[in-house]
Amino acid sequence: MYRRRGGSLEVLLVHPGGPFWKKRDLGAWSIPKGEIGEGEEPLDVARREFREETGARPEGDFVELRPVKQKGGKIVRAWAVESDLDPERIESNTFTIEWPPGSGKTAEFPEVDRAGWFTVEEARDKINPAQVGLIDEFVERLRA
């Protein structure tokens, strides 16, 4: 999701929840994303994952971007859509893990613990390095 503010572009990024990501910032943020199941349409999955991770339903003209491959081999397919939302009001789904490790206890954490709007330059620093290409492509397309 992106928006135009004060003559500049801003990109919405989400920060992963859970104890592993708690103190990580640069390179830790991401676009909302998830796994595509068999028989699912990728754009439908992107919309669902956005809703699950933010509580918002993105609407607008979706522009498909070239997939990128993350360090662990995961292929990320993404769409750009111009819209807006209040990052202070996101509502994320949760996941359960054993925490602390080896304790036999489980704890529940939000999949996304926060969201924020960033200028393109800020987003390039915040986002998972493998996803920078998504930002660059969408900026190129807007300028074309």
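The values are calculated or read from the model by the stated rules, or taken from the named source; none is laboratory data. Just so you know, these numbers come straight off a predicted model, no measurement behind them. Backbone-built Cβ (ideal geometry, glycine too); neighbour counts: all protein chains shown. For accessibility, only protein heavy atoms count, side chains too; no ligands or nucleic acids. Shrake-Rupley method; radii C 1.70, N 1.55, O 1.52, S 1.80 Å.
Quick notes
- Kirkwood-based shape ratio for the stretch 55-116, expressed as Rg/Rh from alpha carbons: 1.10
- Here the stretch 1-41 and the stretch 62-99 have alpha carbon centers that stand 5 Å from each other.
- Contour excess over end-to-end distance, with Cα ends at E64 and L26 and 0.36 nm allotted per residue: 11.1 nm
- Counting only protein heavy atoms and a probe of 1.4 Å, the accessible surface of the stretch 1-73 is 47% carbon and sulfur.
- Per-residue 3J(HN,Hα) values for the stretch 48-58, derived from phi via the Karplus relation 6.51 cos²θ - 1.76 cosθ + 1.60 with θ = phi - 60°, read 4, 5, 4, 5, 5, 8, 10, x, 9, 10, x Hz in sequence order (x marks Gly and Pro).
- Local net charge near G27, Cβ-Cβ under 14 Å (Lys/Arg +1, Asp/Glu -1): +2
- Where the chain is the region considered: accessible area per residue in Å², 1.4 Å probe: 61 Å²
- Angle between the chain longest axis and helix 132-143 axis [Cα atoms, degrees, rounded to 10]: 20 degrees
- Put a plus charge on the Cβ of each Lys and Arg, a minus charge on the Cβ of each Asp and Glu, and nothing anywhere else: the dipole of the stretch 68-141 about its Cα centre is then about 480 debye.
- Charge dipole of the stretch 31-144 about the Cα centre (unit charges at C-beta), most positive-ward option of L85, G73, V45: G73
- Largest accessible area first, the listed residues T119, T96 line up as T96, T119 when surface is computed with a 1.4 Å probe on the assembled protein chains.
- Charge context of A115, other residues only, Cβ under 10 angstrom, K/R +1, D/E -1: -2
- Distance (nanometres) between label positions extended 7 Å along Cα→Cβ at E137 and T119: 2.5 nm
- Across the chain, Cα pairs under 8 Å and at least six residues apart give a relative contact order of 33 percent.
- This structure gives Cα extents along the principal axes in Å, computed directly, and of (i) 55, 37, 29; (ii) 54, 40, 22; (iii) 43, 31, 29 that value is listed as (i).
- Model label zone, S83; criterion: amide N under 20 Å from point 7 Å along Cα-to-beta-carbon; scope the stretch 10-27: 10-16
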